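The values are calculated or read from the model by the stated rules, or taken from the named source; none is laboratory data. Just so it is clear, the model here is predicted, and its values are computed rather than measured. A quick note on method: Cβ atoms are made from the backbone with ideal geometry, for glycine too, and the neighbour counts reach across all protein chains shown.
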Amino acid sequence: MKKLTFYMILMFMSISYAFAQGQADLKFEKTTHDFGTFSENNPMVSHTFKFTNIGDAPLVIHQAVASCGCTVPEYTQEPILPGKTGTIKVTYNGTGRYPGHFKKSITLRTNAKTEMMRLFIEGDMIAKDAK
């Protein structure tokens with residue numbers, strides 16, 4: 001009987017501990033950025049997305065993957081504590097690309113409540129000889 005009581009108490013404590021664990025959550029200032037119009041003479045443009053960990057556990061970004069090799073994301077590598085902010089800098093390189101409109105996505109994998117989310121960049125690159 002004592003063993004059964006001990007195991008019941010142990011199981012109850014384990015379940016309580018599991019539910020007491022916090023979870024990270026992130027909130028971006030914005031998830032889309034429009035570069036507008038820029039020239040093929042200066043084909044590299046960047047934008048930094050800022051976010052806050054609004055959860056109650058450290059936030060970890062496991063991976064940031066762009067939809068194209070012309071787009072490179074750089075992100076905060078260390079865990080972001082609750083209430084703190086982090087950044088994801090996205091650089092689009094239009095070198096060797098056809099001028100015109102583009103829209104690219106960056107997929108994030110995190111330990112937040114929503115494990116996967118997307119950021120978007122877009123813009124219009126005009127040809128070198130266009131004015």
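With the condition kept exactly as written, say whether any residue in the range 92-100 is without any contact (Cβ under 8 Å) to a residue 60 or more places away in the chain and of a type in the set (S, T, N, Q). Looking for residues that are without any contact (Cβ under 8 Å) to a residue 60 or more places away in the chain and of a type in the set (S, T, N, Q), one finds at least one in the range 92-100, hence yes. Within the range 48-61, the only residue that satisfies the criterion of being over 12 Å from LEU26 (Cβ atoms) and either modelled with pLDDT of 95 or more or among the polar types (S, T, N, Q) (or both) is THR48.
For the range 58-84, the set of residues classified as surrounded by 14 or more Cβ atoms within 10 Å (Cβ to Cβ) and among the β-branched types (Val, Ile, Thr) consists of VAL60, ILE61, THR71, VAL72, THR76, ILE80, listed by residue number. Go through the residues of the range 112-120 one by one and say whether even a single one is surrounded by fewer than 16 Cβ atoms within 10 Å (Cβ to Cβ), over 18 Å from THR31 (Cα atoms) and in contact (Cβ under 8 Å) with a residue 24 or more places away in the chain. No, the range 112-120 has no match at all. Looking only at residues in the range 85-104 that are hydroxyl-bearing (Ser, Thr, Tyr) and surrounded by fewer than 16 Cβ atoms within 10 Å (Cβ to Cβ), the one that is farthest from the chain's Cα centre (by Cα) is TYR98.
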